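A quick write-up on the structure given underneath.
The values are calculated or read from the model by the stated rules, or taken from the named source; none is laboratory data. Nothing here was measured: the structure is a model prediction, and the numbers come from that model. Methodologically, a virtual Cβ is constructed for each residue, glycine included, from the backbone with ideal geometry; neighbour enumeration extends over all protein chains shown. Note: accessible area is taken over every heavy atom of the protein model, side chains too, but ligands, DNA and RNA are not part of it. Shrake-Rupley method; radii C 1.70, N 1.55, O 1.52, S 1.80 Å.
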2 protein chains.
Amino acid sequence: MSKQAQTAITPIRTEDYPEWYQQVVKAADLAENSPVRGCMVIKPWGYAIWENIQRELDRRFKETGHKNAYFPLFIPMSFLQKEADHVEGFAKECAVVTHSRLEADAEGKLHPAGPLDEPLIVRPTSETIIGELFSKWVQSYRDLPLLINQWANVVRWEMRTRLFLRTTEFLWQEGHTVHATAEEALEETRMILDIYADFAESYMAMPVITGEKTEAERFPGADVTYAIEAMMQDRKALQAGTSHFLGQNFAKSSQIKYLSSEGQEEYAWTTSWGVSTRLVGGLIMTHSDDDGLVLPPRIAPAHVVIIPVTPKEESRAAVLDYCSELKQELEAQPFLDGHVKVEFDDRDMRGGEKAWSWIKKGIPVRVEVGPRDMESGSVFVGRRDRAPKDKQGIQRAEFVGGIASLLEEMQDNLLAKAKAYRKAHTREITSEAEFIEFFTPQNKGNPEIHGGFATMGFCCDAALEERIAKEHKVTVRCIPNATQHEEVPCVFTGKPGKRVLFAKSY
Amino acid sequence: MSKQAQTAITPIRTEDYPEWYQQVVKAADLAENSPVRGCMVIKPWGYAIWENIQRELDRRFKETGHKNAYFPLFIPMSFLQKEADHVEGFAKECAVVTHSRLEADAEGKLHPAGPLDEPLIVRPTSETIIGELFSKWVQSYRDLPLLINQWANVVRWEMRTRLFLRTTEFLWQEGHTVHATAEEALEETRMILDIYADFAESYMAMPVITGEKTEAERFPGADVTYAIEAMMQDRKALQAGTSHFLGQNFAKSSQIKYLSSEGQEEYAWTTSWGVSTRLVGGLIMTHSDDDGLVLPPRIAPAHVVIIPVTPKEESRAAVLDYCSELKQELEAQPFLDGHVKVEFDDRDMRGGEKAWSWIKKGIPVRVEVGPRDMESGSVFVGRRDRAPKDKQGIQRAEFVGGIASLLEEMQDNLLAKAKAYRKAHTREITSEAEFIEFFTPQNKGNPEIHGGFATMGFCCDAALEERIAKEHKVTVRCIPNATQHEEVPCVFTGKPGKRVLFAKSY
């Protein structure tokens, strides 16, 4: 096997997708498992992606009138019990604090001491504690709408964890809003869903399908759950964000009431919505290839890496100067709401190894500069959306002047590619036999690869949905907003149904 | 008592300082106690101050080469035990997770279930868990320095809590760095201290004294602890940030070793440093007055509030238009690294009540606009650093053009005022009798108000320091960097000593 044909990541996607994912995360130095079961460490390159996600979403939340606040990490055990479905959904997987200190025994061994009167739960989500506070904040219709968001960590005691996709502790934002009417609350729920969808597409270059969940996948305590669903390269769906219309369920369990303009006491209507560090997992699985991470420029921690090539000691200083100037010129170029971000990699390391380290990290553009490039006033450019060896010499001024449009072009290409992939692996299904065939793995070597997204009529019978989930490990991802009013016969029963999206999922 | 002479806050500072503080927090709607003992809720206006603190500090950390990462919330109990002083310092006040789910009994009552093999501690600080990870990340001198920061929540089970100043859960940043030499690590520790001090003065208008802690106040496990200390208006000191040189203590307990360029295996040298939401408490107590919060413009969530005054229905629309234009004009004015931030308060509320709500929230500039102001092309302006009734008419264009310099002037005034207050209440102490007199409350009605900061010679004997702390509730806040090389006789013993800062403290 020639060196050129080797890939940076082993195994490749078609060989073992889950293992490929772990290896991409490792090769890009995004995150790693910690000594605490199920809890990950987010490393600088991975955390910088999360910061970019945060910055843009936070901007959009504020632009639409939401304000950030911070609520306690702990929730008294009794609070969880106030909403019946909610406790059912979360009691089985929560970290319980029972003591307030440690005491050493005679041998110096530590033991929990200072038992609490009431155990505390580390928040798995904050509806109950926030509801308690909102019941005090909201008194009159003048206090509504109340539009709050929180950036926080949450804990759900997951049995099988996977970096970014499912971890015991994860970072997220949770929006919580209170409204005077059901219509307003529903409008909020849908507006947030649109923000999530637009952000996913325009920043992460991750196309998503927006739609409503069936009862089986609804948030515990919600009347309606909307979600964005994205197709990964193993053709499974990733639920990448949810927005819940909570009706009056939490308003009633937390007593969130307001005096209407007519002087009537009314229960309010609430919503909650969130995206998490899972988005980073979705980003990885949407774009990365067998050489590692691929980052859409709008979400990349840095856009360009400059790699000086200094084979001769006598020209070394000049090359480094040339690179420094280049860096300054690039950093003066506007991109998005800021400027082009540049890494200058002068580590003492072989050039090939260095370039590969950046390919694996997914940086959009690599620039190599050696003595000859310097003499000809040019740079040697590699793009992450082309093959590693496909590099081009280009005049420095031309490169600098065109960098922003190059990055936007790459952004567009990645979105188009992801859309094409999803289109190629979405099929209209018209019979049960076709359904079964579609979801049966086609690649003997890799049991993960199957048909993809199935769009089809379904009667939405809960028992039938459960049976399909058990037998085929396929679930209704959503009733897409785009087709929610279509009436089509159910593929399984022939009864009147809705056009839904079935898929295997994370 | 005439209405003009009343204050918005009761009691006033000289009557009951601690209660005044709580009332300022409440009147400004910054935070409140939650149903979880010792945990606060940070409300939008308070959280926006914290976001401004975060943004500027984060910029400075990144500018000096630090990268953000995220580490687990939980720490295995055994980790805490690795460093002897460290466990001693934190075991008495930590939340202990012992179970991983809840189970309902026959009556539906919940109980902790799924006991963990090893209890987990909710991080009170992260040296031990980060040390464990760093021991894998650091292999060779090429990996050094390793400069990491984390923005996170931490939990210390405090018995007596006070909003922002001391809460069971709080938000902070914790920097953790690894270096090849003691000199480099010490340099880092001091550089961070300088960042903290400069930030406190130039953004929060809170003058601080930088210096080294004596052994009694050192971080558990540190060789040297530096701190910034600020004087509050009750003349007590607030420790507002700390930077620790950890020597090789944690490197040895966590096995952080590196291969030197000479091929020798060496223990590394580490530092840690942090500031927290306590800074918001310091901000409140430095500037606020008997009418509520006073915010330095550089840290204020908004700089100007526009209050339309619409006594007549027929001119209402025109006034609102005039105000909207004014808002746009103001928001186009550059301030700091962004623009002037403006609130437009068109709530249905009496004008006086509305203006007072903003005075209590500490917004730097209030602009009232009524029909007559509109006709004369002017605005009616109140400054938070002047008396509430002291308002001035000014031509609109002149006001808009001068807003940025007005805000900078107010920023400078607040810093100068705080410096003058500290200077007025700092005294050179030369005898034990003078020391006792200085720290004895002078205002019979308010036991909190005493002399202030004492600068004096001290032999730094630990037992003597402990006795003074017990008898007078006065401690060495620091050995100021500015006077660390001064040799002065100890006021208590006459022995050779250092010039230290004694004060009562939070």
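Each copy carries a label point for A:Lys470 at 7 Å from Cα along the beta-carbon vector; from one copy to the others these points are 7.1 nm apart, nearest first.
Taking other residues whose beta carbon is less than 10 angstrom from the beta carbon of B:Ser505, and scoring Lys, Arg as +1 and Asp, Glu as -1, yields +2. Out of region B:178-286, which chymotrypsin sites (Phe, Trp or Tyr not before Pro) are coil in DSSP terms and have no more than 11 other C-beta atoms within 10 Å? Taking region B:178-286 and a limit of 11 other Cβ atoms within 10 Å, no loop chymotrypsin sites (Phe, Trp or Tyr not before Pro) are found. Taking a ≥ b ≥ c as the square roots of the eigenvalues of the Cα gyration tensor, an a/c ratio below 1.5 marks region B:315-404 as rounded. Annotation for region B:315-361: trypsin sites (Lys or Arg not before Pro) lying in DSSP loop with at most 13 further Cβ atoms inside 10 Å of their Cβ are B:Arg347, B:Arg350. Rolling a 1.4 Å probe over the protein heavy atoms of region B:29-179, with every protein chain left in place, gives an accessible area that is 49 percent carbon and sulfur. Could you pull out every one of the aspartates and glutamates with an alpha carbon less than 14 Å from that of A:Lys360, ignoring same-chain neighbours closer than 8 positions? Partners found: A:Asp29, A:Asp289, A:Asp290, A:Asp291, A:Asp385. Per-residue Karplus couplings for region B:295-306, computed as 6.51 cos²θ - 1.76 cosθ + 1.60 with θ equal to phi - 60°, are listed in order as 10, x, x, 5, 10, 6, x, 9, 9, 9, 10, 9 Hz, Gly and Pro entered as x.
Here r is the Cβ-Cβ distance between A:Gln139 and B:Leu464 and R0 is 56 Å; the resulting FRET efficiency, rounded to 0.05, is 0.50. Dipole orientation for region B:270-396: of the candidates B:Pro334, B:Gly282, B:Ser378, B:Gly282 has the Cα lying most toward the positive pole (charges on Cβ; Lys, Arg +1; Asp, Glu -1). Run through region B:173-259 and list the trypsin sites (Lys or Arg not before Pro) located in a DSSP loop whose Cβ has at most 16 other Cβ atoms within 10 Å. Taking region B:173-259 and a limit of 16 other Cβ atoms within 10 Å, no loop trypsin sites (Lys or Arg not before Pro) are found. Taking max minus min of the alpha-carbon positions on each principal axis, region A:1-111 gives extents of 63, 56, 29 Å, largest first.
The Rg/Rh ratio for region A:366-506, using Cα coordinates for both the radius of gyration and the Kirkwood hydrodynamic radius, is 1.26.
Give me the percent relative contact order of region A:389-457, please, defined on Cα pairs under 8 angstrom at least 6 residues apart.
Details: 43 pairs, mean separation 18.8, N = 69.
Relative contact order comes out at 27 percent.
Sorted from shortest to longest, the distances between the B:Ala332 label points of this copy and the other copies are 2.7 nm, with each point 7 Å from Cα along the line through the beta carbon. Peptide A:157-164 is shielded by partner chain Cβ atoms: per residue, an average of 1 of them sit within 10 Å of its Cβ. Annotation: per residue accessible area for the protein assembly as shown equals 41 Å², rounded to a whole number [probe 1.4 Å, protein chains only]. Shown for chain A: cysteine residues without a partner Cβ closer than 4.7 Å, namely A:Cys39, A:Cys94, A:Cys323, A:Cys460, A:Cys478. In this simple spin-label approximation, B:Ser260 and A:Gln264 carry label points 7 Å from Cα along the Cα→Cβ vector, and these lie 8.1 nm apart. The Cα center of region A:12-64 and the Cα center of region B:251-321 differ in position by 27 Å. Translational diffusion of chain A was estimated from the Stokes-Einstein equation, with Rh taken as the Kirkwood radius over Cα pairs; at 25 °C and 0.890 mPa s the coefficient is 97 µm²/s. Size descriptor for region B:126-273, Kirkwood hydrodynamic radius: 16.4 Å (Cα pairs only, one decimal).
Under the Kirkwood approximation applied to all pairs of distinct alpha-carbon atoms, what is the hydrodynamic radius of the protein assembly as shown in Å?
For the protein assembly as shown, the Kirkwood estimate is 31.4 Å.
Site pair B:Ser78 and B:Ser324 shows an inter-label distance of 6.6 nm when each label is modelled 7 Å from Cα along Cα→Cβ. Okay, which of region B:207-247 sit inside 19 Å, backbone N to the point 7 Å along the Cα-Cβ direction of B:Asp194? Inside the label zone: B:207-213, B:225-229, B:241-246. Derived value for region A:77-184: Kirkwood hydrodynamic radius 16.7 Å. Basis is the mean of 1/r over every pair of different alpha-carbon atoms. Here's the picture: a label point sits 7 Å out from the Cα of B:His339 along the beta-carbon direction, and within region B:361-401 the residues with their amide nitrogen under 20 Å of it are B:364-367, B:396-401. Using only side-chain charges placed at the Cβ, +1 for Lys and Arg and -1 for Asp and Glu, the dipole size of region B:357-506 relative to its Cα centre rounds to 460 debye. Per residue, the average separation of C-alpha pairs within less than 8 Å and at least 6 apart gives chain A a relative contact order of 15 percent. Length, then width, then depth: along the principal axes, the Cα atoms of region B:207-335 run 84, 40, 20 Å.
Cβ under 14 Å from B:Gln150's Cβ, B:Gln150 left aside: what net charge do those residues give with Lys, Arg +1 and Asp, Glu -1? Don't skip to the end; give the middle numbers.
On the way: positive: A:Lys43, B:Lys62, B:Lys67, B:Arg123; negative: A:Glu51, A:Glu169, B:Asp58, B:Glu127, B:Glu174.
Result for the local shell: -1.
Each other copy holds its own label point for A:Glu313; taking that point as 7 Å from Cα along Cα to Cβ, the gaps run 9.1 nm, nearest first. Here the relative contact order of region A:305-346, from alpha carbon pairs under 8 Å that lie six or more residues apart, stands at 50 percent. For B:Lys136, the lysines whose Cα comes closer than 17 Å to its Cα, not counting residues fewer than 8 places off in the same chain, are A:Lys26, A:Lys43, B:Lys82, B:Lys252, B:Lys257.
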